[in-house]
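All of the numbers you see were taken from the coordinates with simple rules; none came from a lab. Note that this is a predicted model, so its numbers are computed, not measured. Note: ideal-geometry Cβ built from the backbone for every residue, glycine included; neighbour counts use all protein chains shown.
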Amino acid sequence: MNRVVITGMGIYSCIGTNLEDVKKSLYAGKSGIILDKTRKEMGYRSGLTGLVEQPDLKGVLDRKKRIGLSEQGQYAYLATAEAFEQAGMDEDYLIQNEVGILYGNDSSAEPVIQAVDIIREKRNTTLVGSGSIFQSMNSTVTMNLSVIFKLRGINFTVSGACASGSHAIGMAYLMIRSGLQDCIVCGGAQEVNMYSVGSFDGLSAFSIREDEPQKASRPFDKSRDGLVPSGGAATLILESYESAKRRGATILAEVAGYGFSSNGDHLSVPNVDGPRRSLKMALKDSGLQVRDIQYINAHATSTLVGDLNEAKAILELLGEARPYVASTKSMTGHEMWMAGASEIVYSMLMMQNGFIAPNINFEEPDEVSALLNIPTQTVQTDFNIFLSNSFGFGGTNSTLIIKKFDI
């Protein structure tokens, strides 16, 4: 069984478009949430969203490589380029070695809608354009990045709702641990355009605290009234320890455990049993004890039932150990398919720099969150092990445990 390590990271989000800027935002407890008035004009119940800077890849990639990239594919390209740079992998290395890609993505709405609009209006499918199909497929990120970066290993998309990014890392971990691959690019991406979340808004799932956008996402707070959609992309380079050692790479951390489960009882309402079993499996897989977990980056999206049931699951399994528990979604909103990967990057940045970011907007606990150790201010502390939860529609659950590397 190979040890699985992390040798590179990249991030493109509403709190920063590179690792350094994101680190500063996390430390400052800076929110990336705004009110988008165009959503209100479109009939949205909530106009709140994470503000993600739209990249311009002209001059960075030629037209042939840009044409198939969806919005989230552009974010994923930039995050992956940053991760490869940190990992010390150039084009020659990627050509000469078998590097795979597993990326979380569960929709690509905008190009589908644009194509259908053209067909309906013009009655001519050829006017859709040659890049449309490659932007509109769920596998848009993996197919494009595998070609752009000349990747020759495993290549497919993980579609697991809001646990997609986490499951992608988990699957990469299992493949490398078993010896099927030496290195895999993994992560998650989420489009931020208004078309991608209209059905969510129709479920009344979003916060309507529009008068104070940066206070709208409030995980675990008693007055929470729904999530805030967001997006971007996050990439990690996972590698076997032997591969990293062979090429003299700097090892950032080690993937210690992966757990997963299915609730099996409701499409959209989470329960306690599923998350509890996912947490329990990850702990067992890691061989660690409850007292070893020092920080939990909670899934907590700022919904009434979801936050409550996750808090109950954490208390049942880890309550006595009193680890810090916080949700970076208080700053970023819910990054959906990306969140399971970005929250590993956020937590890694904290672990590398000796702090825990605050759960902002946590002003009054409910009866369960009052029992958790939730920091409302930045905590200066060194920690070596963290756990990250990701849950999604359909009752899919994923838990990852990451620790500092120790020979």
Item checked: Pairwise centroid distance, computed over Cα atoms, of segment 215-231 with segment 181-199, Å -> 21 Å
Next item on the list: Excluding residues fewer than 8 places away in the same chain, name every one of the lysines whose C-alpha is closer than 29 Å to that of residue 64.
Entry: 122, 150
Next item on the list: With a length cut of 15 Å (Cα positions projected on each helix's long axis) and a Kyte-Doolittle mean of at least 0.5, go through the chain and give me the DSSP H helices that pass.
Entry: 164-177, 304-318, 339-353
Next item on the list: For segment 353-385 and segment 74-110, write down the distance between their C-alpha centroids in whole Å.
Entry: 32 Å
Margin query: Using a Debye calculation, one point per C-alpha and no hydration shell, please list log10 I(q)/I(0) for segment 1-57 at q = 0.16, 0.17, 0.28 Å⁻¹ in order.
Written below: -0.67, -0.71, -1.07
Notebook entry, point to check: Counting DSSP beta bridges in the chain, what percent are antiparallel, to the nearest 5?
Noted result: 65 percent
Check: From the square roots a ≥ b ≥ c of the eigenvalues of the alpha-carbon gyration tensor of segment 309-407, which class results: rounded (a/c under 1.5), prolate (a/b over b/c), or oblate?
Finding: rounded
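Can you give the relative contact order of the chain as a percent, counting alpha carbon pairs under 8 Å and 6+ residues apart?
24 percent
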Checklist line | Helix-only mean residue ellipticity at 222 nm for the chain, each DSSP H run of n ≥ 4 adding -39500 (n - 2.57), per residue, nearest 500 | finding: -10000 deg cm²/dmol
Next item on the list: Report the net charge of residues surrounding residue 46, where surrounding means a beta-carbon distance below 10 angstrom and charges are Lys +1, Arg +1, Asp -1, Glu -1.
Entry: 0
Notebook entry, point to check: Tell me which lysines have Cα within less than 17 Å of residue 284's Cα, excluding those fewer than 8 residues away on the same chain?
Noted result: 403
Next item on the list: Among 308, 227, rank each residue by its count of other Cβ atoms within 10 Å, from fewest to most, as a rough exposure measure.
Entry: 308, 227
Checklist line | Formal net charge of residues neighbouring residue 299 (Cβ-Cβ distance under 10 Å; K, R +1; D, E -1) | finding: -2
Notebook entry, point to check: With labels modelled as points extended 7 Å from the Cα through the Cβ direction, what inter-label distance (nm, one decimal) is found for residue 368 paired with residue 406?
Noted result: 3.3 nm
Next item on the list: May I ask you to compute the full-extension gain from residue 376 to residue 58, defined as 0.36 nm times their residue separation minus their alpha-carbon distance, rounded to one decimal in nm?
Entry: 110.4 nm
Item checked: Backbone HN-Hα couplings from phi across segment 367-381 [Karplus 6.51/-1.76/1.60, Hz, Gly and Pro as x] -> 5, 9, 5, 4, 8, 8, 8, 9, x, 9, 10, 4, 10, 7, 7
Notebook entry, point to check: If eta is 0.692 mPa s and T is 37 °C, what Stokes-Einstein diffusion coefficient results for the chain, Kirkwood Rh from Cα pairs, in µm²/s?
Noted result: 157 µm²/s
Item checked: Residue among 286, 199, 207 with the largest mean-square fluctuation in a Gaussian network model of the chain, springs linking Cα atoms under 10 Å -> 199
Margin query: Going Cα to Cα from residue 404, which lysines come in below 17 Å? Please leave out same-chain ones fewer than 8 positions away.
Written below: 245
Notebook entry, point to check: How much net charge surrounds residue 154 when only other residues with a Cβ under 14 Å from its Cβ are counted (Lys, Arg +1; Asp, Glu -1)?
Noted result: -1
